[in-house]
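Values quoted throughout were computed directly from the atomic coordinates according to the rules given, and no laboratory measurement underlies them. Remember, predicted model here, so these are calculated numbers, not experimental data. Cβ coordinates were reconstructed from backbone atoms using ideal geometry, including for glycine residues, and neighbour counts include every protein chain displayed.
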Amino acid sequence: MSDKSSDIIMAALRQAAVEPAGLPLHGGRAKSLFAASLLGKKAAQVCKSQGYLQIVRTESRGRRVREICAITEKGLAYLLLQVSPKQVLEDLVRALHSHQAQVGELLATARHWQANIDKCKSLVEKVLHQGGESAWGMPSVNGKALRPNQSSPAVDQTPIDSALDEAILNHLRQWRESGAAGDCPLPELFRHIQRNPTIGQFHDHLRALHEQQLIYLHSWTGPLHEIPEPALALLVGHGIAFYASIR
């Protein structure tokens, strides 16, 4: 083996030692163990045939298949015979610091995106719960816009007891027994439970029944701007529920 090939193999094994998940055997601009030159390909073949490197997976790149290789125990033992263990240890420490910095950046990015998601969820929930502004900026009640000189009727703030839960469950049972196609839309349920709750109370009881695994809440799957009576839709997790059914 020429000195040049030996240097290439040592460099590749040192690189593989600090990337236990594997690296591409050959690559263009991407980080890889060997250059795609004739000398690099010969050195890579030696490492594979001698058992210094093993293929851990393959990746398709159009018509090409890229091999992802990792160092073997035999390859690590060979590396430690050729270079000082101190050099390998220093390589590992540098790689560890680099990976820790990358993880820190990823965590910061994840926290930033989570904060954005939380803000979006808060805004969506506020819009769905308020339902109090029509397309023309006028207040509305139960999704119906009031005329400019019409005042909003007084809202009964009396707490609703478990009778509202039973009313919701009874209507969902009747819906299923009637053989109606699909799940019950929330506006349909809201209008027929005959307990006169506020939308907020209605949503609170739906959430409680869902958490108690007494009902299913099903998401709206169409475009958001096409939701009929959006004030009665309910934000659950990352989805917007618009249908309910009895369990």
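The order of Ser60, Ser5, going from fewest to most other C-beta atoms within 10 Å of their C-beta, is Ser60, Ser5. With an 8 Å cut-off on Cα pairs and a minimum separation of 6 or more residues, tell me the relative contact order of the range 31-124 in percent. Relative contact order here is 15 percent.
The range 72-110 and the range 4-35 have Cα centres lying 13 Å from one another. Listed by chain and number, the aspartates and glutamates whose C-alpha is less than 15 Å from the C-alpha of Lys4, apart from same-chain residues fewer than 8 away, amount to an empty set. Working from label points 7 Å from Cα in the Cα-to-Cβ sense, the Arg191 to Glu19 distance is 6.3 nm. Working ranking of peptides 196-206, 170-180, 37-47 by packing, defined as the average number of other Cβ atoms within 10 Å per residue, highest first, is 196-206, 37-47, 170-180.
Rounded if a/c is under 1.5, else prolate if a/b beats b/c, else oblate: with a ≥ b ≥ c from the C-alpha gyration tensor eigenvalues square-rooted, which is the range 185-247? Verdict is oblate for the range 185-247.
For Lys31, a cut-off of 14 angstrom between C-alpha atoms picks up these aspartates and glutamates, skipping any fewer than 8 places away in its own chain: Glu19, Glu67.
Cβ-to-Cβ counts within 10 Å put Leu186, Leu209, Leu96, Leu214 in ascending order as Leu96, Leu214, Leu209, Leu186, the fewest first.
Footprinting exposure proxy ranking of Trp220, Trp113, fewest other C-beta atoms within 10 angstrom first, gives Trp113, Trp220.
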